[in-house]
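Peer 1: Below is one structure. I have some questions about it.
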Amino acid sequence: MRAMIDDDIGAPAKPPEPGVRRRWLLLAAAAFFLLASQDVAAQRPRALMGTPAKLARQNRLADAYDLSRMDDPAEVRRLISSGRLVAIPRSGPGYYVDETLGRAYGPRKRTVLFYARPWVLRFLKAEGRRFRSAFPGRRLKVSSLVRTEEYQAILTRRNVNAARGEDPDRRSPHLTGAAVDISKKGMSAREIAWLRRRLVALQARGWIVGTEEMATNTFHIFVTPEYGRVEDRGERDGQ
């Protein structure tokens, strides 16, 4: 009887077959990465959460600064010729623009999407340098700049986060040329945390309105004309 009991409960467990073990390892790895991504998402600051009120705030700021919206490429070109929109270099200090930007708009029309307000360029240059200083060799990826009503309509069919614009407070801030999206794809957890802190600080100063969009994996940033106009010692020293 003793021998039978030992055979039943005392013998070491039989190791799983190689195929079963491999499936277990894959499932464990998938669970780990899911939990890690949820942990990063859970750290999103409340100040960067998107709400209808925040979208309305951006539109009201645009109206207060008398920023017109872009109906079509002709309107963008008109503001370019007047200097109210400037070209955003495809590559700059600490940032670069996604070359696939606007492909759904067609090869001729998409060229107008690589422009923004002058203070957006100022933002990208300054914050790009800060990011490069914090993470040598790394750059921010710009995934969206100015948009037209026509292009926005294309995006609403593909992107659940794209503003529909059924009323003035729900229009996309990108139509003004004062908004920029920075992709989180390829960024490390440390880089994301750094950018979160930086955007929260800039928003507290009234220089931007920032939203971290989890569905599209981007930071949406509406930049006001006040950005960088008055710098304190900390800003000048790169803190």
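Peer 1: Quick one: if you stick a label point 7 Å off each Cα along the C-beta vector at Arg197 and Glu150, how many nm between them?
Peer 2: It is 4.5 nm.
Peer 1: Taking the C-alpha atoms of the stretch 35-148, how large are the radius of gyration and the largest Cα-Cα span, Dmax, in Å?
Peer 2: That works out to 16.4, 50 Å for Rg and Dmax.
Peer 1: Give the peptides 127-139, 67-79 in descending order of average Cβ contacts within 10 Å, highest first. Don't jump to the answer; show the numbers that get you there.
Peer 2: Numbers: 127-139: 15.4, 67-79: 17.0.
Listed from highest to lowest mean packing, they are 67-79, 127-139.
Peer 1: Return the whole-Å distance between the Cα centroid of the stretch 42-100 and the Cα centroid of the stretch 178-231.
Peer 2: 12 Å
Peer 1: Using modelled amide H (1.01 Å from N, peptide plane; none on Pro or chain starts), what sits under 5 Å from the amide H of Ser144, excluding residues fewer than 5 places away?
Peer 2: Asp181
Peer 1: At a Förster radius of 41 Å, what calculated FRET efficiency corresponds to the Cβ-Cβ distance of Arg229 and Asp169, to the nearest 0.05?
Peer 2: The calculated FRET efficiency here is 0.95.
Peer 1: Would you report the distance distribution of C-alpha pairs in the stretch 46-236 as whole percents per 5 angstrom bin, up to the bin with the largest distance?
Peer 2: Spelled out bin by bin, the stretch 46-236 gives 1, 8, 17, 22, 22, 17, 9, 3, 1, 0 percent.
Each value in this text was obtained by applying a stated rule to the coordinates, not by laboratory testing. The structure presented is a predicted model; accordingly, all values stated were derived computationally and were not measured. A quick note on method: Cβ atoms are made from the backbone with ideal geometry, for glycine too, and the neighbour counts reach across all protein chains shown.
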